[in-house]
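All of the numbers you see were taken from the coordinates with simple rules; none came from a lab. None of these values were measured; they are calculated from a predicted model. Every residue, glycine among them, receives a Cβ derived from its backbone with ideal geometry; neighbour counts consider all protein chains shown.
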Amino acid sequence: MTVRQAKALGRNDIPGRFVDLVALLPPHVIRDEADYDAVIELLDKLLARPKLTKGQSEFFETWTVLVAAYEREHHPIDSEEITGLDALRHLLAENEMTASDLGELLGNRSLGSKILRGERELSKTHLRILADRFKVEAGLFL
């Protein structure tokens, strides 16, 4: 599939079965930006659907592994200056959560704003709760 073909494909035109999706865009190593753009375009259209079929989910998961490998090599993110607090703030924003929501999640409503201001550290229990809630490794917040 080319970038032009991916862009022309409507979100309702995307097949539901894995085998049909593979026929449309067979999983392969991403070699260049045009290939990367075509894959991202199709994955974005899949994500725009209200619900994915089992085949669409499998196809999406397969491609995310290949996209991640390409991005690690060609679009690395310099994470040396990102702190655990930065990661927490980002996850809160992405999940439309406030400091109060964070506090409630951790068991004390006022705790969220204290953590975000750097006045309180995250405990081991907090780290486990956050890792479970956001489905990430607890070490992200250290």
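Could you check the spin-label model distance between Leu9 and Arg49? Points 7 Å from the Cα along Cα→Cβ, value in nm.
Placing both labels 7 Å beyond Cα along the Cβ direction yields 1.0 nm.
Per-residue HN-Hα couplings for the range 101-110, Karplus 6.51 cos²θ - 1.76 cosθ + 1.60 at θ = phi - 60°, whole Hz, x for Gly and Pro?
4, 4, x, 4, 4, 8, x, 8, 3, 6
If the range 89-130 were replaced by its equivalent ellipsoid, with semi-axes equal to the square roots of 5 times the Cα gyration tensor eigenvalues, what would those be, largest first, whole Å? Kindly include the intermediate steps, with their values, before the conclusion.
Working: eigenvalues 41, 26, 20 Å².
Three semi-axes, in Å: 14, 11, 10.
Quick one: 3J(HN,Hα) in Hz for the range 123-129, Karplus 6.51/-1.76/1.60 with θ = phi - 60°, rounded, Gly and Pro as x.
Ordered by residue, 3J(HN,Hα) equals 7, 4, 5, 4, 4, 5, 4 Hz.
Could you tell me which of Asn108, His126, Ala93 has its Cα farthest along the dipole of the chain towards the positive end, charges placed at Cβ (Lys, Arg +1; Asp, Glu -1), taken about the Cα centre?
Comparing the listed Cα positions along the dipole, Asn108 ranks first.
Among all lysine pairs in the chain that are eight or more places apart or on different chains, how many have alpha carbons less than 19 angstrom apart? The partial results should precede the final answer.
Working: Lys7/Lys45; Lys45/Lys54; Lys114/Lys124; Lys124/Lys135.
Here the count comes out as 4.
With a Förster radius of 22 Å, plug the Cβ-Cβ distance of Glu121 and Ile82 into 1/(1 + (r/R0)^6) and report the FRET value to the nearest 0.05. Write down the numbers at each step before the final one.
Numbers: r = 18 Å, r/R0 = 0.80.
Taking R0 as 22 Å, the efficiency between Glu121 and Ile82 is 0.80.
Could you tell me what fraction of 2.2 N^0.38 Å the Cα radius of gyration of the range 3-74 comes to, as a two-decimal ratio?
On the way: Rg = 11.5 Å, N = 72, 2.2 N^0.38 = 11.2 Å.
So the Cα radius of gyration is 1.03 times the expected 2.2 N^0.38 Å.
Subtract the Cα-Cα distance of Arg17 and Glu58 from 0.36 nm times their separation in residues, and report this length gain in nm to one decimal.
On the way: separation 41, 0.36 × 41 = 14.76 nm, distance 0.93 nm.
Full extension of this stretch gives 13.8 nm more.
With an 8 Å Cα cut-off and a minimum separation of 6 or more residues, compute the relative contact order for the range 3-74 in percent.
With pairs under 8 Å counted, the relative contact order is 46 percent.
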